[in-house]
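Notes to accompany the following structure.
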Number of protein chains: 2
Amino acid sequence: MRVLITGGSGFLGTKLAGALLSRGRLVDRHGALAEIQEIVLFDTSPESPFDDARVRPVNGSVCAAEDVVAAIGDDTDSVFHLAAVVSGEAEADFEKGMEVNLGGTLNVLNACRRLDYAPRVIFTSSVAAFGGELPAAVTDTTPATPQSSYGTQKVIGELLVNDLSRKGFIDGRVLRLPTICVRPGAPNRAASGFASGIVREPLNGEPAVCPVAPERLMWVMSPRTAIANLIYAHDLPAAAWGYQRVLNLEGLTVSAGQMLDALRRVCGDAVAGRVSWQRDPAVEAVVATWPGRFESERARVLGFQRDPDFETIIEHHLQEIGRV
Amino acid sequence: MRVLITGGSGFLGTKLAGALLSRGRLVDRHGALAEIQEIVLFDTSPESPFDDARVRPVNGSVCAAEDVVAAIGDDTDSVFHLAAVVSGEAEADFEKGMEVNLGGTLNVLNACRRLDYAPRVIFTSSVAAFGGELPAAVTDTTPATPQSSYGTQKVIGELLVNDLSRKGFIDGRVLRLPTICVRPGAPNRAASGFASGIVREPLNGEPAVCPVAPERLMWVMSPRTAIANLIYAHDLPAAAWGYQRVLNLEGLTVSAGQMLDALRRVCGDAVAGRVSWQRDPAVEAVVATWPGRFESERARVLGFQRDPDFETIIEHHLQEIGRV
C-alpha cells in the first residue's frame with residue numbers, strides 16, 4: 001500500500017514515517033493489514049533522513065492544488081494530513097494561516113475525494129478547537145469554540161472531514177492533539193512552544209523562559225504517544241468511528257510549575273535552574289484560551305494511548321536525544 | 001449609509017430590501033442610526049421589484065471574488081450575506097454547495113476584510129447546523145453537529161464570522177434560522193420545502209404532498225419574523241454579541257400534523273383536504289437529522305422576535321398574498 005504524509009518533513013511527519021517504516025504494515029483500503037510499499041513525504045523542500053527505498057520525498061505545497069493532486073495520484077491508500085501553520089503564526093499572519101490551514105486542507109480533501117475508493121485520511125486537529133467559557137473539564141461533547149484563527153481553521157477541517165466521510169468520499173479520522181512536547185530542534189512559532197523549550201533548552205545547557213504563570217494548566221502528550229495514536233486512529237475500522245470522526249485524545253494535564261518540578265526530579269537542579277519565569281502577554285493571550293482539563297472517555301474506550309506523567313515524557317525525550 | 005444584500009433577488013433578500021426601504025434607517029459603521037442611501041441587490045440576474053432610487057441591482061456571483069469586491073467597493077457599511085445553495089441541492093450537488101456556500105462566503109468575508117472599518121456582516125445559518133444524537137431540546141450551548149453538507153458549510157461560515165469578528169476585521173452576526181415558511185412562489189430544492197408547500201399549494205387550489213410523518217417536528221419561523229430579526233441582529237451593538245456571534249433564534253416547534261390542523265382551522269376543510277401524506281425517504285433522511293425542539297434563551301434575552309403559533313404564520317402568508 002501507498003501512504004502520503006503532508007508536512008512529511010516536519011517533526012511529527014518524520015517521526016510518523018519512521019514509525020511506519022519500523023512497523024512495515026498498515027490497514028489498507030480493503031481493510032486488510034498490508035505491506036507498506038511507499039511512503040511519500042510531501043513537503044516544501046522535503047528532506048528524508050531515512051535510507052530506505054520505500055521513502056520518497058516529494059516537493060510541493062498543500063496550497064497548490066495541482067501539487068497535491070499529483071502527489072496523491074490515483075493509488076494512494078492513506079493520507080496523513082499534518083501540514084499546517086502553527087498557532088502563533090496563524091494568529092500573526094491571518095492570510096497565511098487561512099491559505100495553508102484552510103486552503104491546504106481543502107486541497108488535500110479534494111484530491112482524496114477524486115479517488116473512487118474513499119481513502120483513509122488522518123487529520124490532526126488541536127486543543128485550540130476549544131476556548132472561551134468552558135466547563136471545568138472538556139468532555140467528548142463539549143462544543144468546539146475556538147478563540148484563535150488556528151483553532152478556527154482546524155475546526156473547519158474537522159467539519160469537512162466529517163462531511164466528506166459521511167458522504168463516502170473519504171474515510172476520515174481526526175485527532176485533537178494536546179500540546180506535543182518535548183519537540184526537539186529549534187523553537188517554532190506555536191504559542192505552546194515553551195512547553196518543549198523549558199525542557200529542551202536546559203538540557204542543551206541553554207537558558208529558557210517560561211512565559212506563563214506556574215499555575216497555568218497545559219494539556220500535553222509526548223511525540224511517541226501521539227504517533228502511536230495517529231497510527232492507531234488509521235487502523236481502527238470505520239465502524240468504530242461512526243458519524244463522529246473527531247476525537248479528543250487523552251492528554252496529560254500538568255501545570256507549568258509541575259513541568260518544571262518534574263524536570264528537576266528527572267534532570268536535577270542544575271538543569272531546572274536554567275528556566276526562568278517571565279510572563280509574555282502575547283503567549284498567555286493565546287494559551288489562556290485553551291482548556292487544561294479533559295475527560296476523554298471515548299479515546300479511552302476506543303483504546304488510544306496516554307502518557308502516565310510528565311516525568312515519563314521527559315524520559316522519552318532523553319531517549320530520543322540519546323541521553324540515556 | 002450603504003447596504004449590500006447577497007442573494008438580493010432571492011425571497012428573503014427581496015423581503016429584507018423592502019423592509020429596509022420602509023424603515024429607511026439602520027445603525028451605520030459609527031454606531032449611529034443613519035439614513036440608508038443605497039441598497040445593492042447583489043445576485044446572478046438580479047431583479048428589483050422596487051421603484052425606488054435607493055435600490056441598485058448588481059449582477060454578479062458570490063463565487064467570483066472580483067464580482068464581490070467590486071460590488072462591496074470601499075464604502076459599504078453593512079452586508080447581509082444571504083446567498084446560498086439550499087439544503088437539498090447542496091446534498092445532491094456537493095461541488096456546487098461547496099463552491100457557493102463555502103467559497104462564496106469566503107469571498108464575501110474576504111471582500112469585507114479589506115475594509116478598514118470592520119463592516120457589519122449579517123450571515124444566515126440554519127437549523128441544519130444540528131444533527132445526529134441531540135438532547136431533547138437544543139440549547140444555546142448545544143454543539144453544532146451538522147449531518148448534511150449544507151449544514152456543514154453553514155457552520156464553517158459561522159466559525160469564519162466568529163474569527164473575523166474576534167480579529168476586528170468585521171463586526172459579524174450570525175442567525176441560525178428555523179425553516180422559513182410560508183415561502184411564496186415555486187418550490188425550491190430545500191428539503192424543508194414542504195413546510196411551505198403544504199400551505200401554499202392548497203391555497204392556490206393545487207394538491208400538495210407532505211413527505212414526512214405527521215409527528216415529525218419542524219422548527220419554523222415566518223418570513224416576517226425572520227426579516228425583523230435580521231434587521232434587529234444588525235442594529236444590536238457589538239457588545240451584546242460578545243465573542244459568540246452565532247445565535248439560535250426562537251423558532252416555533254410544530255409537527256407536520258399540527259401544521260395541517262392549523263391550515264384546516266384557518267382556511268377550512270376544502271383547502272386542507274388538498275394535502276396528502278406520502279413519505280419521501282430522501283426528504284426524511286435530511287429533515288430527520290434536524291432537531292425540532294429548541295430552548296433559545298439567549299435570543300429571548302437579547303430581544304429577538306418569535307411567532308406565537310402556526311395559525312399566525314398562515315395568517316401572515318394570507319396577508320402577503322393579498323387574500324385577507
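The values are calculated or read from the model by the stated rules, or taken from the named source; none is laboratory data. Note that the coordinates shown come from a computational prediction; the quantities given were computed from them, not determined experimentally. Cβ atoms come from the backbone with ideal geometry, glycine included; neighbour counts cover every protein chain shown.
Observations on the model:
- Scanning the stretch A:174-188 turns up one or more residues that are surrounded by fewer than 21 Cβ atoms within 10 Å (Cβ to Cβ) and free of Cβ contacts under 8 Å to residues at least 12 places away in the same chain.
- In the stretch A:1-111, counting only strands (runs of 3 or more DSSP E) that sit wholly within it, the ones holding 1 or more residues that are modelled with pLDDT of 95 or more and among the β-branched types (Val, Ile, Thr) span A:2-6, A:25-27, A:38-43, A:55-59, A:78-81.
- Test result for B:ARG323, part of a helix (DSSP H, G or I), surrounded by fewer than 17 Cβ atoms within 10 Å (Cβ to Cβ) and basic (Lys, Arg): no
- The stretch B:153-173, residues that are surrounded by fewer than 21 Cβ atoms within 10 Å (Cβ to Cβ) and without any contact (Cβ under 8 Å) to a residue 12 or more places away in the chain: B:LYS167
- Annotation note: of A:LEU160, A:LEU230, A:LEU217, A:LEU177, the sole residue that is in contact with a Leu (Cβ under 9 Å, 6 or more places away or on another chain) and under 18 Å from A:PHE294 (Cα atoms) is A:LEU177.
- Residue satisfying all of: in the stretch B:287-320; among the small types (Gly, Ala, Ser) and at pLDDT 95 or above; farthest from B:PRO211 (Cα to Cα) among these: B:GLY303
- Residue in the stretch A:151-174 that is more than 14 Å from every other protein chain (Cβ to nearest Cβ), in a loop (DSSP other than H, G, I, E, B) and within 16 Å of the chain's Cα centre (by Cα) present: no
- Single unsatisfied condition, A:PRO187 versus (1) at pLDDT 95 or above; (2) away from every other protein chain (no Cβ under 14 Å): (1)
- One residue alone among B:ASN110, B:ASN101 is among the polar types (S, T, N, Q), out of contact with any Phe, Trp or Tyr (no Cβ under 9 Å at 6 or more places or on another chain) and within 13 Å of another protein chain (Cβ to nearest Cβ), and that residue is B:ASN110.
- Restricting attention to the stretch A:265-301, the residues that are among the charged types (D, E, K, R), outside any loop (DSSP other than H, G, I, E, B) and touching a strand residue (DSSP E or B) at 6+ places or on another chain (Cβ under 9 Å) total 3.
- Scanning the stretch B:285-308 for residues that are of a type in the set (D, E, K, R) and farther than 16 Å from B:LEU230 by Cβ yields B:ARG293, B:GLU295, B:GLU297, B:ARG298, B:ARG300.
- Flag if A:LEU134 is within 11 Å of chain B (Cβ to nearest Cβ) and either touching a strand residue (DSSP E or B) at 6+ places or on another chain (Cβ under 6 Å) or not hydroxyl-bearing (Ser, Thr, Tyr) (or both): yes
- Hey, A:PHE123 buried (at least 22 other Cβ atoms within 10 Å of the Cβ), in contact (Cβ under 8 Å) with a residue 60 or more places away in the chain and of a type in the set (Phe, Trp, Tyr) or not: no
One line per residue, one yes/no per condition, for (1) in contact (Cβ under 8 Å) with a residue 60 or more places away in the chain; (2) within 18 Å of the chain's Cα centre (by Cα); (3) farther than 26 Å from B:PHE194 by Cα:
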| site | (1), (2), (3) |
| --- | --- |
| B:ALA228 | yes, yes, no |
| B:TYR243 | yes, no, yes |
| B:LEU252 | yes, yes, no |
| B:SER255 | no, no, no |
| B:ASP269 | no, no, no |
| B:PRO281 | no, no, no |
| B:GLU284 | yes, no, no |
| B:TRP290 | yes, yes, no |
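- Scanning the stretch A:200-216 for residues that are crowded, with 18+ Cβ neighbours inside 10 Å and not basic (Lys, Arg) yields A:GLU201, A:PRO202, A:LEU203, A:ALA208, A:CYS210, A:PRO211, A:VAL212.
- The set of residues from the stretch A:228-255 being assigned to a helix (DSSP H, G or I) and either of a type outside the set (A, V, I, L, M, F, W, C) or not assigned by TED's automatic domain parsing to the domain that holds A:ASP28 (or both) comprises A:ASN229, A:TYR232, A:HIS234, A:ASP235.
The rows are residues; the columns are (1) crowded, with 17+ Cβ neighbours inside 10 Å; (2) among the acidic types (Asp, Glu).
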| site | (1), (2) |
| --- | --- |
| B:ILE227 | yes, no |
| B:PRO237 | no, no |
| B:ASN248 | yes, no |
| B:VAL254 | yes, no |
| B:ALA262 | yes, no |
| B:SER276 | no, no |
| B:PRO281 | no, no |
| B:GLU295 | no, yes |
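- Residue match in the stretch B:16-36 (condition: farther than 24 Å from B:GLU320 by Cα, in contact with a Phe, Trp or Tyr (Cβ under 9 Å, 6 or more places away or on another chain) and in the same structural domain as B:ALA239 (by TED's automatic domain parsing)): yes
- Of the numbered criteria (1) away from chain A (no Cβ under 14 Å); (2) touching a residue at least 24 places away in the same chain (Cβ under 8 Å), the one B:GLY197 fails is (2).
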